[in-house]
Structures are given as C-alpha cells and as structure tokens.
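The values are calculated or read from the model by the stated rules, or taken from the named source; none is laboratory data. Bear in mind the structure is a predicted one, so any value in this text is a computation, not a measurement. No Cβ is skipped: glycine too gets one built from the backbone with ideal geometry, and neighbour counts run over all protein chains shown. The area values use the complete protein model at the heavy-atom level, side chains included, leaving out ligands, DNA and RNA. Shrake-Rupley method; radii C 1.70, N 1.55, O 1.52, S 1.80 Å.
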Amino acid sequence: MSGDHGLRVNLPASLHALRTNTSLRLHLVGDSQAIQAEIGTGLPQRASIVHAPGILAMDASPTGVLRNTDQSSLRAALELLATGDVGGMISAGNTGALMALSRQRLSMIAGFRRP
C-alpha cells in the first residue's frame, strides 16, 4: 500500500511478476477496496487480496510503528510470514518500520545480532 508511488506502481509490478513466473502465488495485502479499484476485474487466480486498512507513512518512526500498527498492511503481511501462510514477503514501504516490526514478530536468525 505504501512506497514512493503506492499502488499505481506496486500493483502493475505484482501482476507482471505473476505473468512471468507461473509458479508464483501472491497475497496482495492492504486496503481491499483500493486494491480492487486499481485492479478492476483483472485479479488473476493465483492472487488474492488480504484486507488490512492501515497504511504506515514513509516517514513514520520505527519505534512509533511498534505501538500503533495493529491494522497496517505491513503488520498483516508479516503475520502471514510468521504463521507460515506465505514463504516470503516484499514491501515497498517504510524500511525502518519493516525492520522494527520484523524483528518484533519474526525474531532473529540464530547467530545474527542485527537485521
């Protein structure tokens, strides 16, 4: 949902990835109405929309997002990864927020002290 240019760049890139990699399956996480409005009727079978209405600003502080992001698309996507519902996650959003939330929800790989 976030990133420098938001859905108008992220969704075409996601759909291109589906077209070029036939084994890929995507969960598009964010405001379902906004995603559906941008895609229209062209949602491929290997894609689904996971509703998460909150959007983290690109300038949100990493420590602030730890307290106020319960409904954010970033937190919802990380939850899918943490529970094993997805095998990986890509975000074009706030990198500091991604690192802070990832460390909180996913913890660290053994032997690594920093993300």
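Worth pointing out:
- Filter result (assigned to a loop (DSSP other than H, G, I, E, B), open to solvent by 30 Å² or more (accessible area, probe 1.4 Å) and among the aliphatic types (A, V, I, L, M)) within segment 39-59: 43, 55, 57, 58
- Cβ separations smaller than 9 Å between residues 6+ apart or across chains give no pair from segment 1-29 residues that are without any contact (Cβ under 8 Å) to a residue 60 or more places away in the chain and part of a loop (DSSP other than H, G, I, E, B) to residues that are open to solvent by less than 30 Å² (accessible area, probe 1.4 Å) and aromatic (Phe, Trp, Tyr).
- Of the residues making up segment 65-96, those that are in contact with a strand residue (DSSP E or B) (Cβ under 8 Å, 6 or more places away or on another chain) and either open to solvent by 50 Å² or more (accessible area, probe 1.4 Å) or farther than 20 Å from residue 32 by Cα (or both) number 5.
- Test: residue 32 is open to solvent by less than 80 Å² (accessible area, probe 1.4 Å) and in contact with a His (Cβ under 6 Å, 6 or more places away or on another chain): yes
- Where a residue in segment 102-115 is under 16 Å from residue 77 (Cβ atoms) and part of a helix (DSSP H, G or I) and its partner, wherever it lies, is among the charged types (D, E, K, R) and open to solvent by less than 100 Å² (accessible area, probe 1.4 Å), with Cβ under 8 Å and at least six apart: 105/75; 105/79
- Exclusive hit being closer than 24 Å to residue 112 by Cβ and of a type in the set (Gly, Ala, Ser), set 57, 34, 100: 100
- A Cβ distance below 8 Å, combined with a sequence gap of six or more or placement on separate chains, defines the contacts here; from segment 62-75, residues that are of a type in the set (A, V, I, L, M, F, W, C) reach residues that are part of a loop (DSSP other than H, G, I, E, B) and at pLDDT below 80 in the pairs 65/56; 74/2; 74/56.
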